[in-house]
Structure formats: C-alpha cells, structure tokens
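Comments concern the structure below.
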Amino acid sequence: MAPSFDHLREEDLDEEDFDMDEVDISDLREKYEVQLEQGYDTFVVIDGLPEVTEDQKPKLVKFLLKKLNTVGKTREDLIFMPMGEDGKSLRFAFVEYSSAAEAAAAVRQLDLVALDKKHTLRVNKLTDVDRYGREGRIDDEYTPPNIEPFQEKEHLRSFLADPSGRGRDQFVQYKGETVGVYWNSEKDQPDPVVERQHWTEAFVQWSPLGTYLTSVHAQGVQLWGGPSWSRQRRFPHPFVNLVAFSPDEKYIVTWSNRPISIPDEGHPALSLDDDGKNYVIWDIETSKPIRSFAQLDTPAAVDEHGVKKPQKFPWPAFKWSADSKYVARLNQGSSISVYELPRMNLLDKTAIKIEGVMDFDWAPSTPQRDGFKTYEQLFCFWTPEIGSNPAKVGLMSIPSKEIVRTLNLFSVSDAKLHWQSDAAYLCVKVDRHSKSKKSQATTLEIFRVKEKGVPVEVVDTIKDTVINFAWEPKGDRFVIITTTEPVAATAVPPKTSVSFFCPEKAKGQTVGNFKHLRTLEKKNSNAIFWSPKGRFVVIATIHNQQSSDLDFYDLDFEGEKPESDKDLTANLQLMNTADHYGVTDVEWDPSGRFVASWASSWKQQMENGYHLYDFKGDQLREEPVEKLKQLLWRPRPLTLLTKEEQKTIRKNLREYSRVFEQEDAERINSADVAVVEHRRRVLEEWYAWRAVTEEELVEEREALGLPLDPVAELLKAKTAAMALDEEEKVIEEIMEEVLEETEEVVN
C-alpha cells in the first residue's frame with residue numbers, strides 16, 4: 001500500500017522544507033511498489049472449454065463454478081471469459097481465487113479433469129503462462145520439435161541374471177567413506193560389482209524391489225542402477241533426512257527436519273507452494289514432485305500419572321496401500337487422511353474422522369475376503385478409551401470407507417498392530433492393566449481377515465511383558481518374546497522367554513485355532529528374524545555387549561514329532577547356536593538361504609564386521625570390516641511363476657538339488673584343479689627363467705675372464721687356507737705336580 005499525505009494541509013508544506021525535486025523517496029517506492037507478478041498468484045488460466053456464444057456464456061460459467069469451488073472460493077464476477085470478434089468464446093478463461101494456495105490447489109487437482117465427455121480442463125497459473133511467454137519460450141510460429149534419436153536404456157533388473165549362473169544375491173556395504181556392491185560367494189570372498197568413494201553423505205537404501213540404490217546428500221536424493229551403476233533419478237530436496245518408497249517403486253517420500261526454503265532465484269524442481277514444507281512426495285518416473293506437506297504437531301501423550309511421555313517421531317509418516325493406489329497420513333487423535341494416486345487428491349475431499357485414533361496400518365497385501373468380490377484395500381486402526389467409551393480396534397475398507405469389523409476392548413494401556421504378510425491375519429497385541437493399574441497382562445486378538453465375517457480369536461492371556469512379536473512370512477505361525485523384568489537400556493540384558501505358536505491341524509477348509517507350541521525359558525533374546533520364505537527363524541540378542549547369541553530354529557523339522565504336538569502344524573527343532581560379539585543387526589538374504597549378522601560402527605565402535613551363516617546356522621565366513629556402517633541385502637522382485645509352477649518346482653526339488661550339488665562339487669573340484677595347475681605353471685616358469693639366467697651368466701664370465709664356477713674356486717681357496725693353518729699350529733701342555741700335603745683336625 002502506497003504512503004498517503006492526505007492528512008497534511010497545503011499551507012503546512014513549506015517549499016524549503018519539502019521540495020519534491022530534492023527529497024529522495026526511492027526507498028519508499030521500492031518498499032510499497034505493487035509487485036504485479038506476485039499479485040497474479042491468485043489467478044489461474046483454464047483452457048479446454050467449449051466454444052459458446054454470449055447468451056450461452058452465463059450457463060457455462062455456472063457449470064464451471066461447480067468444479068472450481070471444490071478446491072477453493074471464487075465467484076461469477078471473478079471469472080473472465082474472453083470473446084472473439086465472431087461473438088464466440090475463445091475457449092479459455094481467467095479465474096481469480098481468494099488465495100494463492102487455492103489457486104495452486106486448482107492447478108494440482110483440476111488439471112486434466114473432465115468437464116464433460118468431450119472437454120478436458122487444462123489449468124495453469126497465470127504467472128507461469130505470463131513468464132514463459134515473456135521470456136520468449138512461446139514462439140508465434142510453430143516449429144516442429146527436435147526429436148532426439150532413440151537411445152536404448154540399461155536394463156535396471158540385470159542383477160537377476162547372475163553371470164556365474166549360480167543365482168547369487170547382491171549386498172551393499174557402507175564402510176568408512178566407501179560404498180560397495182558385491183556378489184555373495186558363500187565361503188569365498190565376496191565378488192565386487194562396484195566400489196565408489198563418497199557415494200553418499202548419510203546412508204544408503206535399496207528400493208523395495210531392488211531396482212535402485214538410494215544415496216542421500218545435502219542437496220537431495222539420488223537413485224542409481226543398471227549394469228554401469230549410473231544415476232537414474234534425482235530428487236532435489238535440501239537437507240533431506242529420511243526416504244521411503246511406495247511398494248511398487250512408483251513413488252518416493254522425502255523428509256527433512258528443516259522446512260523447505262525457496263530462494264529468490266527459484267528452485268530446480270520445487271515451487272513457492274512447497275516453501276515451509278517438510279515432506280515431498282515425488283513421481284519416480286518423471287522425477288517431479290506431486291505434493292508437499294508440512295510437519296504435523298503430534299499431541300503430547302501422558303501416562304496414567306499425568307506425566308508427559310517422550311515424543312516419538314512417526315516414520316514412515318505416509319503409509320501406502322499394498323497396490324500403491326492410496327497413501328494415508330495419521331492426524332493423531334482426530335482423523336486419517338487418505339489420498340488417491342497419482343493426483344494426490346484427498347479421497348472424497350475429506351479426511352476420515354476417527355475420534356482418538358492412535359495408530360493405523362495398511363494390509364500388506366490386497367485382501368481376498370470370503371464372498372467379497374469388489375476391489376478394496378484394508379487398513380486397521382485403534383482408539384483408546386475415551387470417557388466411558390471402550391477402546392476400539394477397527395478394519396476399514398477403502399475406497400468405500402466401510403467399517404468391516406470392530407472390536408471393543410477394556411482396561412487398555414497400549415495396542416500394537418501386526419499384519420501377516422498375505423493379509424490373512426491381523427494380530428492386535430493389547431496391553432491391559434488391572435483396576436489398580438499396578439499389574440499388567442497382554443492378550444493377542446487375532447482377526448481372521450479372509451474368513452467370512454472376520455472372526456476374532458483370543459490367544460492365551462500372557463502375564464509377562466511382550467517385547468517382540470513376529471508373524472511367519474507367508475505362513476500362519478508366530479513367535480513372541482516376553483520378560484518379567486523392566487525393559488530398559490541397560491548393560492545387562494533382561495531375562496526373557498521365547499514362545500512359539502501355531503494353529504491346530506485344519507478341520508475342513510479353515511485353519512485351526514492357534515495353540516501354544518513351546519516356551520524356552522531363561523534366555524536373553526530380544527529380536528526375531530524370520531526367513532522371507534518362512535519355516536526357519538533366528539532368535540537373537542542384539543545391541544548388547546554382555547550377550548550376543550543367535551539361535552537357528554526349524555519349525556518343520558523332518559525328524560520324529562513329539563506326541564504332544566501331533567495335532568499341531570509345526571515340529572520345532574533347534575538346529576544351531578552361534579555367537580557374534582557386539583552384533584547390532586541381522587538380516588536374511590531374499591532367497592532365504594543365507595543370514596548375515598553385523599556390528600555397525602554407528603551403534604558401537606569395537607570389532608566391526610560381519611558373519612555369514614547358511615539357513616542351518618553353520619558359519620560360512622567371518623570378515624572384520626573397519627568402520628562398517630551398513631550391510632544390506634539387495635531385494636528381489638516378486639516371482640513371475642504361477643502358483644502351479646511353484647508347486648511343481650517344490651515337488652521336484654530333490655531332483656533339482658542333485659543337479660545343484662553336482663554343480664557345486666564340480667565347481668569346488670575345478671577350483672582345486674585350477675590352483676594346482678597355477679602352482680605348476682608358476683614353478684615351470686621359475687625353472688625356465690633360472691636356466692636362461694645361468695646361461696647368460698656363463699657367457700658373461702667367459703667374456704670377462706672370470707671362473708665359470710666361483711663357488712668351487714672359493715671352496716678350493718678355503719681348503720688351502722685351512723691346510724696352512726694346520727702346519728703352523730702350536731700345542732701347549734700344562735703339567736701340575738704335588739710337592740707336599742698336610743692334614744689338620746679342627747674341633
């Protein structure tokens with residue numbers, strides 16, 4: 001707003017005191033000058049409108065308003081539709097919104113939206129249209145685009161074709177300032193694929209299907225892949241801290257604890273709409289941002305005594321449905337916002353209000369509920385007790401937002417949601433307190449999602465504190481770890497118990513009830529690591545200097561089954577026990593054949609390195625690695641084989657095993673033969689070199705008049721010298737003679 005001098009009277013202005021020619025008001029003009037381009041931020045240009053006459057124009061404007069007001073506020077008098085000389089519209093319009101944010105929302109949500117069957121809206125910012133036109137980017141005359149010749153891109157999944165033919169898996173190591181990718185060669189040293197210095201500034205991360213390796217820098221995130229490990233994508237999010245992918249690798253979420261600040265000269269990918277935001281969701285294929293979000297203030301939680309609990313940062317803040325068609329964000333205590341991809345518009349234009357909601361989680365696989373044939377994705381949520389209302393666990397279907405199943409719970413202190421990998425089961429671990437709140441117990445509420453009506457089964461009440469729970473991947477068994485001691489970060493690990501659960505044998509088509517299989521007492525274990533193929537599980541003690549055990553179990557042991565377990569679908573057997581001092585992490589390879597345990601320098605400084613085991617727990621290799629930070633197996637995409645083809649392979653597995661065993665034996669034998677042949681070749685080369693050298697030496701001595709055998713000449717001279725010494729030798733003899741002896745007795 002320009003300054004006003006209206007309050008001054010003309011007679012108050014003395015020409016000597018106020019000479020307009022001498023007063024410099026350039027600073028005021030600069031401060032209050034209207035910035036036209038900034039003033040246009042509330043305007044959008046809409047193309048793709050039907051051609052109408054002056055009489056038809058009001059009707060089109062009213063129809064258009066219904067679309068425009070879904071993302072902001074505007075009016076008929078704020079829509080300007082230019083008309084041509086022939087009295088017909090030019091098929092575009094200028095629209096003014098009440099704020100720049102609403103104009104940005106219109107561009108994001110209305111662009112490419114169908115107005116009717118024949119017309120599709122194209123929405124752009126007026127400032128963008130004006131800027132591109134003013135900078136000469138839009139030419140008055142049409143110029144055909146310059147189409148570059150086709151260049152074949154690298155195969156991003158070439159890693160699935162192991163050049164050795166042995167079906168090996170890759171892993172990445174981040175050690176010191178070096179990042180390297182290697183083939184796992186079992187007992188032999190890993191075969192390097194690529195090694196680079198300063199490849200990342202923070203950490204590395206594989207994408208969910210193993211297509212990309214992620215590096216994190218102050219300028220943003222980069223994705224690498226292909227046989228040459230070239231940069232495939234770049235996402236310039238300044239000071240990025242964390243990264244998360246959608247399950248199908250179509251989208252990536254970046255987060256920084258510093259809000260985005262767009263400089264005056266602009267940003268290569270982000271706009272002023274992203275200023276002040278912390279999260280950005282990107283389209284990986286185009287490397288362009290889809291939408292950005294600010295950090296939410298999480299309400300402070302309090303315990304039963306009214307004391308505030310420490311804040312926990314929720315990550316991932318955005319959770320994806322199994323097919324990546326939806327992404328959702330928790331507004332703790334009030335609602336869940338579900339967005340549709342790829343437009344990132346809010347589902348039904350409103351958040352799902354759930355009073356008191358504490359947590360939610362999507363089903364990891366597209367559910368196939370009994371008798372339900374319509375497309376859906378499921379997520380579960382839980383709410384605490386509010387007033388006289390009980391705590392509640394619910395299953396909701398998306399996009400219908402229908403509540404599929406609810407369960408009321410009482411005396412709830414906390415709840416944790418655990419999906420089974422095929423979304424066949426959902427286990428809700430419920431911590432309950434007594435009326436006096438002095439004692440606590442845990443119940444496991446298992447939702448049988450694929451059965452009709454989604455029945456809920458309650459597993460044994462557990463009086464101890466459950467510190468870990470894990471479903472068997474692609475299976476129906478689970479393991480829990482409990483303790484009677486307070487759970488705290490101490491040097492001495494608490495005494496724990498490990499319990500295994502499995503269903504009874506099926507009675508008909510449904511899986512039987514879950515029963516307790518076995519409990520192992522007096523352990524120090526605190527972590528559960530299932531094989532990605534199921535059946536085998538490692539129970540470990542990590543992050544502790546006093547204990548570092550790794551126990552390898554088989555739940556389908558082919559030996560004799562105890563009589564008490566005849567009706568259960570498991571036969572538990574401890575296969576092996578290992579020890580890795582200072583172990584901080586354990587991870588199975590994607591094939592389920594190998595397990596790597598490592599000690600990260602990020603968590604402890606001593607004895608960094610890794611151990612490699614087979615699935616039975618036999619140690620294959622131990623390698624100390626100075627300043628080892630990360631060791632991550634490269635994931636593999638889902639198999640392309642049908643279920644029938646997989647069944648055929650399992651049926652004929654013994655025949656395949658013979659072929660593999662023969663190939664392994666031949667490889668070992670060929671390796672031994674190669675070593676022997678190499679040594680023989682080196683020895684023969686040495687003999688040949690020695691013979692040639694001796695011949696050259698003889699020729700040189702003859703030419704110089706030197707003896708042909710200097711060693712013999714030296715021996716001859718030495719013998720002559722010794723003989724001369726013998727002739728000149730003097731022998732001395734010493735004679736002793738006793739002259740007198742006297743004896744004296746002393747009392």
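A few remarks follow.
- Residue within the range 369-378 that is of a type in the set (F, W, Y) and buried (at least 19 other Cβ atoms within 10 Å of the Cβ) present: no
- Flag if L574 is part of a strand (DSSP E or B), touching a residue at least 60 places away in the same chain (Cβ under 8 Å) and not basic (K, R): no
- For the range 59-81, a residue qualifies if it is exposed (fewer than 12 other Cβ atoms within 10 Å of the Cβ) and either farther than 20 Å from N124 by Cβ or without any contact (Cβ under 8 Å) to a residue 12 or more places away in the chain (or both), and the qualifying residues are K59, K62, K66, E76, D77.
- For the range 206-235, a residue qualifies if it is over 12 Å from the mean Cα position of the chain (by Cα) and surrounded by fewer than 19 Cβ atoms within 10 Å (Cβ to Cβ), and the qualifying residues are H217, A218, Q219, G226, P227, S228, W229, S230, R231, Q232, R233, R234.
- Whichever residue in the range 577-586 is crowded, with 17+ Cβ neighbours inside 10 Å and either of a type outside the set (V, I, T) or under 28 Å from R166 (Cβ atoms) (or both) and, among such residues, is modelled with the lowest pLDDT: G582
- Per-region count, the range 625-638, residues surrounded by 10 or more Cβ atoms within 10 Å (Cβ to Cβ) and within 23 Å of F159 (Cα to Cα): 8
- Residue match in the range 641-651 (condition: under 28 Å from the mean Cα position of the chain (by Cα), surrounded by 12 or more Cβ atoms within 10 Å (Cβ to Cβ) and part of a loop (DSSP other than H, G, I, E, B)): no
- The residues of the range 612-645 that are more than 24 Å from L213 (Cβ to Cβ) and either touching a Leu at 6+ places or on another chain (Cβ under 8 Å) or of a type in the set (D, E, K, R) (or both), listed by number, are Y613, D614, K616, G617, D618, Q619, L620, E622, K643, E644, E645.
- If you go through the range 99-126 and keep only what is part of a helix (DSSP H, G or I) and of a type in the set (K, R), you end up with just R108.
- Condition met for K373 (among the charged types (D, E, K, R) and either in contact with a helix residue (DSSP H, G or I) (Cβ under 7 Å, 6 or more places away or on another chain) or not in a strand (DSSP E or B) (or both)): yes
- Residues satisfying the stated conditions in the range 324-364, i.e. of a type in the set (G, A, S) and in contact with a Pro (Cβ under 8 Å, 6 or more places away or on another chain): S324, G333, G356
- Residues (touching a residue at least 60 places away in the same chain (Cβ under 8 Å) and either more than 21 Å from Q605 (Cα to Cα) or assigned to a strand (DSSP E or B) (or both)) located in the range 167-186: G167, D169, Q170, F171, V172, Q173, Y174, K175, V181, N184, E186
- Note on the range 351-370: residues that are in a loop (DSSP other than H, G, I, E, B), among the charged types (D, E, K, R) and within 24 Å of A424 (Cβ to Cβ) total 2.
- Leading residue by the ranking (farthest from the chain's Cα centre (by Cα)) among those in the range 358-373 that are more than 14 Å from S421 (Cα to Cα) and at pLDDT below 90: G371
The values are calculated or read from the model by the stated rules, or taken from the named source; none is laboratory data. Nothing here was measured: the structure is a model prediction, and the numbers come from that model. Because the Cβ atoms are built from the backbone with ideal geometry, glycine has one as well, and the counts that use them run over all protein chains shown.
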